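Q: What follows is a single structure, and I will ask about it in a moment.
The values are calculated or read from the model by the stated rules, or taken from the named source; none is laboratory data. Please read all numbers here as calculations on a predicted model, not as lab measurements. As a convention, Cβ positions derive from the backbone with ideal geometry for all residues, glycine included, and neighbour counts pool all protein chains shown.
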Amino acid sequence: MRNDEIKVGRFNVLRITKAVEFGMYLDGGDTHGEILLPLRYVPEGVNVGDEIRVFIYLDQEERLIATTEEPLAQVGDFAYLEVAWVNNYGAFLHWGPMKDLFVPFREQKEKMQMGKSYLVHVHIDDTSYRIMASAKIEHYLSQDFPPFRPGEEVDVLIWRKTDLGMKAVVNNRYGGLLYDTQIFKQLRVGDRLKAYVKAVRPDGKIDLILQQKGQAAARDFAESLQEYLECHGGFCPLGDKSPAEDIYETFGVSKKVFKKAVGDLYKRYIIRIDGDGLRLT
């Protein structure tokens with residue numbers, strides 16, 4: 001990384017230029033000059049001339065400073081963060097080892113309260129050039145058409161509950177929706193999980209599902225079910241007539257996926273179906 005490409009609010013790899021009693025200075029280039037890495041963050045065994053991976057942020061006096069500790073989110077990230085304190089200007093969120101992250105009132109959807117957590121986007125403010133956060137998630141979602149195919153696995157961050165289901169941030173960039181009819185476990189705002197693309201609509205909105213569709217999901221789970229039987233004396237007390245809640249509690253899949261997997265194993269003569277459950281043949 002060239003020093004003029006330093007990204008504030010993100011991790012950078014910088015060269016150590018000088019060691020002092022209170023830490024080490026890193027090369028920030030002509031634009032940023034020397035950046036201090038305080039002594040408490042200096043790893044053992046590093047020397048002048050070495051390159052080191054550090055997170056760059058602004059200290060209380062708005063000077064660039066480095067740390068090797070991990071923040072809870074970087075600039076460009078969506079994250080679910082807890083309010084540490086509030087004042088007459090806005091709220092301050094727990095952000096990790098560095099100073100708290102500011103959310104001005106104008107960037108709050110509702111007045112934030114100390115001790116509660118909110119989904120926010122971390123960014124550099126265009127006016128003050130400070131690192132701050134916004135709860136107005138929709139303003140920071142990409143307007144580009146999502147490049148996903150049906151069935152593709154994605155990372156989702158649950159955003160908020162709606163009448164249709166749960167809105168989610170997809171791959172830290174796009175907006176998506178998990179319909180209530182596709183949700184088989186309790187989800188809360190801030191949960192991170194894997195999901196699958198059901199469809200990308202012409203308007204760019206993403207419909208999500210928690211499990212792969214059709215035979216692909218059944219084949220994947222059939223292997224897991226067979227492993228379960230092998231590890232439990234060849235027996236599973238669940239069957240086609242078991243409540244969907246019991247199936248999900250045990251395996252984390254819908255009853256539909258469970259039944260398809262059972263059918264797959266049965267057709268391959270791997271299991272038999274008895275009145276009290278499933279058994280390996």
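Q: Please determine, by comparing only the residues of region 41-62 that are within 28 Å of I137 (Cα to Cα) and not hydroxyl-bearing (S, T, Y), which one is modelled with the lowest pLDDT. Before the answer, list the steps.
A: Filtering region 41-62 for residues within 28 Å of I137 (Cα to Cα) gives 54-60, 62.
Restricting the remaining residues to those that are not hydroxyl-bearing (S, T, Y) gives 54-56, 58-60, 62.
Values: V54: 97, F55: 96, I56: 94, L58: 87, D59: 84, Q60: 79, E62: 82.
Across region 41-62, the extreme among qualifying residues is Q60.
Q: Looking only at region 46-84, count how many residues are free of Cβ contacts under 8 Å to residues at least 40 places away in the same chain, under 29 Å from Q113 (Cα atoms) and under 24 Å from the mean Cα position of the chain (by Cα).
A: Residues that pass the stated criteria total 8.
Q: Continuing with this model, one more query. For V257, indicate whether it is touching a strand residue (DSSP E or B) at 6+ places or on another chain (Cβ under 8 Å) and of a type in the set (V, I, T). Write out each step before concluding.
A: On the way: touching a strand residue (DSSP E or B) at 6+ places or on another chain (Cβ under 8 Å): no; of a type in the set (V, I, T): yes.
Criteria not met by V257.
Q: Here's a check for you: in region 112-140, which residue that is closer than 30 Å to R63 by Cβ and among the acidic types (D, E) is farthest from the chain's Cα centre (by Cα)?
A: Of everything passing the filter in region 112-140, D126 is farthest from the chain's Cα centre (by Cα).
Q: Please verify whether D180 is within 23 Å of L93 (Cα to Cα), modelled with pLDDT under 90 and either touching a Ser or Thr at 6+ places or on another chain (Cβ under 6 Å) or exposed (fewer than 15 other Cβ atoms within 10 Å of the Cβ) (or both), treating the condition exactly as stated.
A: Values: within 23 Å of L93 (Cα to Cα): no; modelled with pLDDT under 90: yes; either touching a Ser or Thr at 6+ places or on another chain (Cβ under 6 Å) or exposed (fewer than 15 other Cβ atoms within 10 Å of the Cβ) (or both): yes.
No.
Q: Inside region 137-162, can you point out the residues that are part of a loop (DSSP other than H, G, I, E, B), out of contact with any Gly (no Cβ under 8 Å at 6 or more places or on another chain) and aromatic (F, W, Y)?
A: The answer is F148, and nothing else.
Q: To continue, here is another question. Could you give me the residue pairs with C-beta distances under 8 Å whose first residue belongs to region 230-243 and is among the charged types (D, E, K, R), whose second residue is not in a loop (DSSP other than H, G, I, E, B) wherever it lies, and which are 6+ apart or on separate chains?
A: Every condition considered, the pairs that remain are E230/L280; D240/K259; D240/V262; D240/I273.
Q: To continue, here is another question. Is there any pair linking a residue in region 185-214 that is acidic (D, E) to one that is at pLDDT below 90, with Cβ under 7 Å and at least six apart or on different chains, and which?
A: From residues that are acidic (D, E), the pairs are D207/K198.
Q: Does region 141-151 hold any residues that are surrounded by 16 or more Cβ atoms within 10 Å (Cβ to Cβ) and either within 17 Å of the chain's Cα centre (by Cα) or acidic (D, E) (or both), and which are they? First the steps, then the outcome.
A: Taking region 141-151 first, the residues surrounded by 16 or more Cβ atoms within 10 Å (Cβ to Cβ) are 141, 146, 148.
Matches in region 141-151: L141 only.
Q: Going by the structure shown, is G76 within 30 Å of Y41 (Cβ to Cβ), outside any strand (DSSP E or B) and at pLDDT 95 or above? Spell out how you get there, then give the answer.
A: Working: within 30 Å of Y41 (Cβ to Cβ): yes; outside any strand (DSSP E or B): yes; at pLDDT 95 or above: yes.
When the stated conditions are applied, G76 passes them.
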